[in-house]
Every structure is written in structure tokens, then in C-alpha cells.
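Scroll down for the structure; my scribbles are underneath it.
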Amino acid sequence: MTSRVVVSAPATIANLGPGFDIFGLAIAEPADVVEVSSAAEGVRISDISGVGSEKIPRDPARNSATVAAMRVAEMLDATLSAEFSIRKGVKPNGGLGSSGASAAAGAVAANELLGGELTKEQLIEAAAFAEGEVAGAKHYDNVSPAILGGFVVIAGDPPKFVKLSPPEMKIVVAQPDIELPTRKGRQVLPERVKLRDAVANAGRASAMAAAVSKGDLKLFGEQMIDSIAEPARSHLIPGFAEVKRAALEAGALGAAMAGAGPAVFAVLEPEEPHEEVAKAMREAFEEAGVGCKTFITSPGRGVEVVLKEE
Ligand code: HSE
């Protein structure tokens with residue numbers, strides 16, 4: 001019987017331009033780490049630390065890690081009695097799937113603790129359920145790459161998850177010092193879209209999926225253009241257009257909003273001048289009056305069980 005488990009789940013970038021709600025990519029860093037120990041009774045959160053931890057609910061019924069864990073217990077028809085400790089590496093409301101990372105880690109940790117044998121698809125369902133409860137809508141494009149790793153295409157309803165291995169690349173992320181809850185980013189979306197925009201997005205998203213299969217990063221980057229969600233959301237992020245332009249002018253192959261923002265990311269060949277791109281993006285945000293942190297990462301693996309004790 002497992003009595004203690006530590007699970008790490010990565011930040012993720014959703015949408016990647018034209019793949020609104022259907023593309024997600026796990027990145028190598030940052031990550032959330034959830035530690036779960038068996039307890040006598042009930043589900044309790046003993047500690048939340050790390051970036052933005054003061055904003056994360058301590059009530060197990062409102063925290064994505066514990067909601068996902070309790071859903072796993074329900075799916076296994078088991079009783080979960082456990083104490084949770086959560087270390088946030090992924091900034092909440094920052095555009096990199098923060099609640100999804102915690103949900104993925106919570107689901108996997110509970111499954112390990114309960115000796116369960118839920119499939120990855122079932123774990124994705126449990127984590128997405130938690131996202132629905134906590135963030136207001138199921139975001140498969142964060143939780144599926146957080147669990148599966150790599151680049152994931154989410155197709156249809158019920159969703160099918162197609163995992164692909166992305167080409168080697170460097171990803172520059174600029175995360176401004178503002179918060180933008182996904183819920184807010186969804187409120188500004190259009191109810192209807194123009195046929196030509198839908199066609200343009202479908203064509204570019206298809207080309208990006210093909211680019212992943214072919215290992216063609218140039219094609220991937222140049223098709224990272226969204227005609228539907230980004231134009232409707234850009235006003236929520238000061239300097240968004242300038243940050244994107246700065247990244248491209250400094251040598252990025254493509255740049256787009258990460259999920260519903262406010263983070264913006266750019267992709268480059270591994271040997272290209274990523275520091276220069278980071279600097280250009282940072283300066284563009286600063287010119288718009290917003291401080292920002294930049295970091296350089298690459299595509300990453302899915303959730304990992306870091307430690308498991310009897
Ligand atoms: N695909 C979602 C959106 C983001 O753009 O609203 C998921 O975090």
C-alpha cells in the first residue's frame with residue numbers, strides 16, 4: 001500500500017495560435033508539485049507554497065488538485081483519506097495552465113495512493129472535471145498535455161487525444177506582471193466567427209499538426225497565427241501586438257498568446273538567439289508600462305511520479 005506520493009506536473013501552453021481549445025503543449029518548466037500522504041480521515045490541504053500560493057483556495061472542495069483527486073476516488077469507487085501539500089511553480093492566472101497542472105498532479109497522485117489503475121484518458125477526465133469545477137470550464141488543452149506530455153491535439157466531443165512528439169525547439173515565454181483569469185478571456189470571445197476566419201484557422205492548425213509530424217519547425221512557427229480568439233483578446237494584454245512583433249523582429253519563427261494570456265510565447269530553432277528574443281519581448285512589455293518575467297524553455301514531458309513510499 002502506498003502511503004505517500006509526490007507528483008510533479010508541468011506548465012502547458014494552450015492554443016498555440018490557431019489551435020483554440022484543440023492544441024496543447026507541455027513545457028519543461030515550470031511545474032507544480034503535489035505531495036499526498038494517507039491520513040486517518042477526510043481530505044485536507046495542510047500547506048500551499050510557491051508562486052501566487054496566497055491566491056489558491058485551501059478548501060479541498062475549491063482547489064483543483066484536491067477536486068481532481070476526489071474525482072479519481074469516485075471513479076475508483078474508493079474512499080480517499082489524505083493530506084495534501086501543494087508547491088506552486090506555475091503562476092496562477094498567468095496563461096500557462098496553472099490550475100490544470102495542479103489538477104493533473106492531484107489526479108495522478110490520488111490514483112497512485114489508491115493503487116488505482118485509471119488510464120491516462122480517465123486521469124485527463126478527472127483533471128478536466130476539476131478544471132470545470134474550479135475554473136468554470138473544462139480545459140482539455142491544459143490538462144491533456146500536462147498528463148501526456150509533448151504536443152497534444154484534442155479532437156471532437158467526447159474528446160480524443162492525439163499525442164505527437166514536437167520538433168526540438170526553444171520556447172521563449174514572456175509573462176507580464178498582470179493576471180488574466182481564463183474566465184475573463186473567454187467572456188470577450190465572439191459568439192459567431194466569419195467563415196473565412198474559421199477556414200484560415202483550420203488551414204493553419206492543420207499545417208501545424210503536419211509540421212509537427214514532419215519535424216518542420218519553420219512551418220510550425222510561421223503558421224502560429226490565430227484569426228479568432230487572439231484578435232478578440234489582445235486588448236486585455238497591454239502591448240500584446242508590440243511584444244509579438246518584437247519577438248518576430250528579433251528572430252523568432254512564430255509568436256502567439258499562451259492560452260487565454262497574459263503570457264506571450266515565441267518559438268525558435270534551438271541554436272537561434274533566444275536571449276535576444278527574450279530581451280525584445282521584455283522591453284516591449286516595459287514600453288507598454290508592464291513589467292514582465294521572461295524565461296526560456298522547451299517542450300516537456302507529462303506528469304511524473306517523483307517519489308512513492310509504502
Ligand atoms: N483554450 C483556452 C482558452 C485556454 O483559450 O480559453 C485554456 O487554458
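The values are calculated or read from the model by the stated rules, or taken from the named source; none is laboratory data. Remember, it's a predicted structure, so these values are computed and weren't measured experimentally. As a convention, Cβ positions derive from the backbone with ideal geometry for all residues, glycine included, and neighbour counts pool all protein chains shown. These accessible areas exclude ligands, DNA and RNA; they are computed on the full protein's heavy atoms, side chains included. Shrake-Rupley method; radii C 1.70, N 1.55, O 1.52, S 1.80 Å.
Tabulated data for the structure shown
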| item | result |
| --- | --- |
| Helical segments meeting 18 Å axial Cα length and Kyte-Doolittle -1.0 threshold in the chain (DSSP H) | 98-113, 120-135, 195-214 |
| Residues of the stretch 268-310 with amide N under 20 Å of the 7 Å Cα→Cβ point at residue 168 | 268-277, 296-302 |
| With at most 11 neighbouring Cβ atoms within 10 Å, loop trypsin sites (Lys or Arg not before Pro) (DSSP) excluded, longest segment of the chain | 1-191 |
| Whether the stretch 178-254 is rounded, prolate or oblate, judged on the alpha carbon gyration tensor where a/c under 1.5 counts as rounded | oblate |
| Solvent accessible area, Å² - residue 303, 1.4 Å probe, full protein context | 30 |
| Cut-off under 5 Å, modelled amide H: who pairs with residue 254 long-range | 267 |
| The chain: calculated mean residue ellipticity at 222 nm from DSSP helix runs of at least 4, using -39500 (n - 2.57) | -11500 deg cm²/dmol |
| ³J(HN,Hα), Karplus 6.51/-1.76/1.60, whole Hz, each residue of the stretch 48-53, x for Gly, Pro | 10, 10, x, 5, x, 5 |
| Whichever lysines have a C-alpha closer than 19 Å to that of residue 279, once near sequence neighbours (fewer than 8 apart) are set aside | 170, 244, 293 |
| Equivalent-ellipsoid semi-axes of the chain, from the Cα gyration tensor, Å, largest first | 33, 20, 18 |
| Residues whose placed amide H lies under 5 Å from that of residue 39, excluding near-sequence neighbours | 81, 82, 83 |
| The chain: antiparallel DSSP beta bridges as a percent of all, rounded to 5 | 85 |
| Accessible heavy-atom area order of 235, 139, 274, highest first, probe of 1.4 Å | 235, 274, 139 |
| Restricting the stretch 77-181 to GluC sites (Glu not before Pro) in coil, as DSSP defines it, with at most 13 other Cβ within 10 Å | 117, 168 |
